[in-house]
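Q: Sharing a structure below in structure tokens format, with a few things to ask.
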Amino acid sequence: MTRLYNRRFPLTNVYTLEQARELALISHDIGRQIGLIIDRKGNVVMVIVGTSSGILIPQLDKARHGSGRLSGLRLLHTHLNLSPISEEDLMDMVFLRLDSVSLLTLTPDGEPEKFQWAHILPPNEKNKLYQVYEPVPWSRVNINLAAQTKSLEEELARLGASISASDSEAGENRALLISVSTSPKEAQEKSLQELAELVRTAGLDVAGTVIQRVVKINPKFILGKGKLAELEVMALQQNASILVFDLELSPTQLRNLANITERKVIDRTQLILDIFAQHASTRAGKLQVEMAQLKYTLPRLIKQNRALSRLTGGIGGRGPGETKLELDRRKIRDRIARIKKELQKLRKHRQSTRMRRYQADIPVIALVGYTNAGKSTLLNTLTHSQVVAENKLFATLDPTSRRLRFPRDREVILTDTVGFIRHLPEDLKQAFMATLEELSLADILVQVADASHPEVEEQVRAVDNILEDLDLRDKPRILALNKWDLVHDEQKVMLANTFPQAIPICALQRDTLTGLVNAILDFLDL
């Protein structure tokens, strides 16, 4: 067996008759399939001895990790009968990104019989994942694997994938967005549009989207292995290194996905946490985000691999065994306990500040609404402030309060709060409870909605649901339809009928805010 390592298997014209006979004879004598992992120089880097019906390929540490590259390795293995390349062979080729998979079948007396091979395909009109060639007699095999592999990678490069060492990280910021749901396709498409905005806010590029409507979500892998293979090939074709799922993956699902793909796997919750971590600027904000991340990570903490590299981030990711992981879990629990104590102190400090406002009889007006609806812009316009206001989701995390003097010589406190979003992670909601307390003690809520957004009704409904979850359903509220200048006349009529009590505004234009200011004054009896 060891002499197979000393053999060179050149790419041109596949293999010599002597090599094929030697491999076939060994496989026949031991009654097991034999697999050879061969690099592009023709060197055997791994010999795999399987059973009579299959082989199991271990992790290939030497495989190249560029998101748009093949691994630089190919598989040659034997079949003890005349059975063709199996589905498992093709799945191994896809998930390991092998240059090709070759099969040598044997005659009953152990002689080479037929040869068959397959390789992944670049993007094509028929959306085929791979090409499987018909078995041919060994004596008629004449394939230049080197030329085939070079041609394939050149085609991938032409379509946007990177094949050179200098560009090997070109796809590190490209993400493939995946929606798996029992909801109608239209609802999935709308949700993916929002996920795409989240992805861009996180600093990633959208490489493509995949929608899969299912009767029941697979509790083990989310999707069937065949569909996952399609995702893997699509990611290779689009040079995407990250798979982003538009739902929260369970620890089991995340672990199973990590075991079959070398790409990073992220779910919607983790993406939102990542955005919050980027935007947190104050001590309180950073602590709240860290606690939410730790709570999310704790049940998902496993040994480090590429698919979870963004998730673990070094916490428990470098340990070789269960003992190290248990120590890391204990560290996380201790850190969560310390953060809770620090947040409790910050909460008491904020309570003291709010108490001073109450004693000074200064009304508090809190701006709430869906993320990127224009709350910070409205605060800036009303108070002549310079609070960060960007056309991004979750540009504002920490509550910002400014004094606003009305014409009747009366001051109020105007507070901008973190934006809401559908399916707000529960851990994040709990972590930001100190921030959301600003809402419970406000005299009135000004709910800002983006009137120009195609899903404005759904967004208003989502904010209503979150406020109800926070026991703020009965809090006095004024609905302000922002970006009214971007709405066409027909849409204005429809919105006026849908939200008859709403006040249309343009947060960038101070003269459009008169109606909103008067509504606040009337409520406060100023």
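Q: Of all residues in the stretch 234-245 being among the aliphatic types (A, V, I, L, M) and crowded, with 22+ Cβ neighbours inside 10 Å, which is nearest to the chain's Cα centre (by Cα)? Write out each step before concluding.
A: Quick first cut of the stretch 234-245, residues among the aliphatic types (A, V, I, L, M) only: 234-236, 240, 242-244.
With the extra rule that they be crowded, with 22+ Cβ neighbours inside 10 Å, the set shrinks to 235-236, 240, 242-244.
Details: 235: 13, 236: 16, 240: 11, 242: 7, 243: 5, 244: 2 Å.
Only one residue fits best here, namely 244.
Q: Within the stretch 436-445, does at least one residue satisfy the condition of being modelled with pLDDT under 90 and of a type in the set (S, T, N, Q)?
A: For the stretch 436-445, residues modelled with pLDDT under 90 and of a type in the set (S, T, N, Q): present.
Q: Can I ask one more? Run down 36, 56 and say which single residue is touching a residue at least 24 places away in the same chain (Cβ under 8 Å) and not assigned by TED's automatic domain parsing to the domain that holds residue 260. Walk me through how you get there before you give the answer.
A: Working: 56 fails: touching a residue at least 24 places away in the same chain (Cβ under 8 Å).
None of the other options fit; the residue is 36.
Q: Which one is nearest to the chain's Cα centre (by Cα) among residues in the stretch 246-305 that are of a type in the set (Val, Ile, Thr) and closer than 28 Å to residue 98 by Cα?
A: This residue is 266.
Q: Ok, one more. Can you tell me which of (1) modelled with pLDDT under 80; (2) farther than 17 Å from residue 444 by Cβ is the one residue 377 doesn't meet?
A: All conditions are met except number (1).
Q: Same structure, new question: Can you tell which of 454, 425, 504 is more than 28 Å from residue 284 (Cα to Cα) and modelled with pLDDT under 90? Give the steps one after another, and end with the answer.
A: On the way: 425 fails: more than 28 Å from residue 284 (Cα to Cα); 504 fails: modelled with pLDDT under 90.
Residue meeting the stated conditions: 454.
Q: Right, here's the next one. Can residue 121 be described as in the same structural domain as residue 18 (by TED's automatic domain parsing), under 19 Å from residue 22 (Cβ atoms), in contact with a helix residue (DSSP H, G or I) (Cβ under 8 Å, 6 or more places away or on another chain) and not hydroxyl-bearing (Ser, Thr, Tyr)?
A: Working: in the same structural domain as residue 18 (by TED's automatic domain parsing): yes; under 19 Å from residue 22 (Cβ atoms): no; in contact with a helix residue (DSSP H, G or I) (Cβ under 8 Å, 6 or more places away or on another chain): yes; not hydroxyl-bearing (Ser, Thr, Tyr): yes.
The answer is no for residue 121.
Q: Failed condition for residue 65, given (1) modelled with pLDDT under 85; (2) in contact with an Asp or Glu (Cβ under 8 Å, 6 or more places away or on another chain); (3) assigned to a loop (DSSP other than H, G, I, E, B); (4) surrounded by 15 or more Cβ atoms within 10 Å (Cβ to Cβ), with all others met?
A: (4)
Q: For the stretch 91-120, give me each residue that is crowded, with 18+ Cβ neighbours inside 10 Å and either within 18 Å of residue 156 (Cβ to Cβ) or free of Cβ contacts under 8 Å to residues at least 12 places away in the same chain (or both).
A: Within the stretch 91-120, 93, 94, 95, 96, 97, 98, 99, 100, 101, 118, 119, 120 qualify.
Q: Would you check if there is a residue in the stretch 261-280 being in a helix (DSSP H, G or I), crowded, with 17+ Cβ neighbours inside 10 Å and modelled with pLDDT under 70?
A: No, the stretch 261-280 contains no residue that is in a helix (DSSP H, G or I), crowded, with 17+ Cβ neighbours inside 10 Å and modelled with pLDDT under 70.
Q: Take the residues in the stretch 444-493 that are in a helix (DSSP H, G or I) and touching a Pro at 6+ places or on another chain (Cβ under 8 Å); name whichever of them is nearest to residue 367 (Cα to Cα). Explain how you work it out, then say what you get.
A: Residues of the stretch 444-493 in a helix (DSSP H, G or I): 456-469, 484-486, 489-493.
After this cut, where a residue has to be touching a Pro at 6+ places or on another chain (Cβ under 8 Å) as well, the list is 484, 492.
Numbers: 484: 18, 492: 23 Å.
Top of the filtered list is 484.
Q: Here is a follow-up. Limited to the stretch 108-152, what total is found for residues that are assigned to a loop (DSSP other than H, G, I, E, B) and either under 30 Å from residue 239 (Cβ atoms) or in contact with a Leu (Cβ under 9 Å, 6 or more places away or on another chain) (or both)? It would help to see each step written out before you state the result.
A: Start the filter on the stretch 108-152 by keeping residues that are assigned to a loop (DSSP other than H, G, I, E, B), which leaves 108-111, 121-129, 133-135, 141-143.
Cutting the leftovers down to either under 30 Å from residue 239 (Cβ atoms) or in contact with a Leu (Cβ under 9 Å, 6 or more places away or on another chain) (or both) gives us 110-111, 121-129, 133, 135, 143.
Going through the stretch 108-152 one residue at a time, the tally reaches 14.
Q: What are the pairs with Cβ atoms under 6 angstrom where one residue, in the stretch 136-160, is over 20 Å from residue 111 (Cβ atoms) and the other, located anywhere, is assigned to a loop (DSSP other than H, G, I, E, B) and of a type in the set (D, E, K, R)? Sequence gap at least six, or different chains.
A: Hits for this filter: 149/99.
The values are calculated or read from the model by the stated rules, or taken from the named source; none is laboratory data. What you are looking at is a predicted structure, and each value in this text was computed from that prediction instead of being measured. Here the Cβ is made from the backbone with ideal geometry for all residues, glycine too, and neighbour counts use every protein chain on show.
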